[in-house]
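The values are calculated or read from the model by the stated rules, or taken from the named source; none is laboratory data. All values derive from a computational prediction rather than experimental measurement. Glycine gets a Cβ as well: all are built from the backbone with ideal geometry, and neighbour counts include every protein chain shown. When the accessible area is computed, the model is the full protein with side chains, heavy atoms only, and any ligands, DNA or RNA have been set aside. Shrake-Rupley method; radii C 1.70, N 1.55, O 1.52, S 1.80 Å.
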Amino acid sequence: MCGRFTFASDAEALNQTFFNFAMPMDLSPRYNISPTQDVAVIANTPTDTAERPEIGQIGFFHWGLIPSWAKDPKIGNRMINARSETLAEKPSFRNAYKRRRCLILADGYYEWRKIPSDKLKQPVYIRLKSQKPFALAGLWEVWQTDGMDEPLRSCTIITCPPNTLLEEIHHRMPVILPQDAYAEWLAPNQQPADTLQPLLVPYPDAEMEAYPVSRFVNRPTNDSPECIAPFEVSQFLN
């Protein structure tokens, strides 16, 4: 799964990676993004114009997908991730998979790994070796109920089986899309099973790295560069 991530790259790095999109210059670095917070998203344009975000612009969506038919928005707390293998089947995700897809902007994420002879799990920070920002494959939805002036836009991160680097850390990883797949993922009226499902695969392990960080990151209110600072742990990945 993906339960915490970072988005702290500077404007130059963002413009190099997302050069087809308008990047705001005043984004604050975030080192410990947690579920239910707002996250930076580039959403596609479904054919239903009433639901359109500003395509090509970064929006900030609630992390934890709330289906349009939900009676209680708290359902989103359980839907921060969506399994790639069942997107077309699950009622919570299948409509969004067909029509409302997005890029969730990040530059690293955390997982917690069991360490021998230690009761607590060790947090691990995972990123590209290049340290460049990247896009996670996501889905988005619109939810509104009586008394709301504005609809709530929410999102979920799609996960897949891990690559060989990460399989000893966790049994899932988020889908990191290559740059040349951004346009296809965001294009309207795609046939997911035919054109999009092949994109939902593990990112190449040779282009990624993972290292232990301190349990400072365990507290969601801690949001500083200390979260990603390397931490010495004996027997790590032995």
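Numbers at a glance
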read-out: Scope the stretch 15-41; condition open to solvent by less than 40 Å² (accessible area, probe 1.4 Å), under 15 Å from L103 (Cα atoms) and modelled with pLDDT of 95 or more; matching residues; value: V39, A40, V41
read-out: Restricting the stretch 71-119 to residues that are in contact with a helix residue (DSSP H, G or I) (Cβ under 7 Å, 6 or more places away or on another chain) and of a type outside the set (S, T, Y), the residue that is surrounded by the fewest Cβ atoms within 10 Å (Cβ to Cβ); value: A88
read-out: Failed condition for D223, given (1) more than 16 Å from the chain's Cα centre (by Cα); (2) surrounded by 14 or more Cβ atoms within 10 Å (Cβ to Cβ); (3) under 19 Å from M1 (Cα atoms); value: (3)
read-out: Check on E167, open to solvent by 60 Å² or more (accessible area, probe 1.4 Å) and within 27 Å of S34 (Cα to Cα); value: yes
read-out: Residues being open to solvent by less than 10 Å² (accessible area, probe 1.4 Å) and touching a Pro at 6+ places or on another chain (Cβ under 9 Å) - total across the stretch 147-162; value: 5
read-out: Unique residue being part of a helix (DSSP H, G or I), closer than 26 Å to Q131 by Cα and not aromatic (F, W, Y) when the list is A40, A13, A96, A82; value: A13
read-out: Those residues of the stretch 140-169 which are assigned to a strand (DSSP E or B) and without any contact (Cβ under 8 Å) to a residue 12 or more places away in the chain, in sequence order; value: none
read-out: Residues (of a type in the set (S, T, Y), modelled with pLDDT under 95 and touching a strand residue (DSSP E or B) at 6+ places or on another chain (Cβ under 7 Å)) located in the stretch 67-96; value: S68
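Matching residues to (1) open to solvent by 20 Å² or more (accessible area, probe 1.4 Å); (2) at pLDDT 95 or above; (3) among the aromatic types (F, W, Y):
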| residue | (1), (2), (3) |
| --- | --- |
| A135 | no, yes, no |
| V142 | yes, no, no |
| T145 | yes, no, no |
| R172 | no, yes, no |
| V175 | no, yes, no |
| Q190 | yes, no, no |
| P202 | yes, yes, no |
| E209 | yes, yes, no |
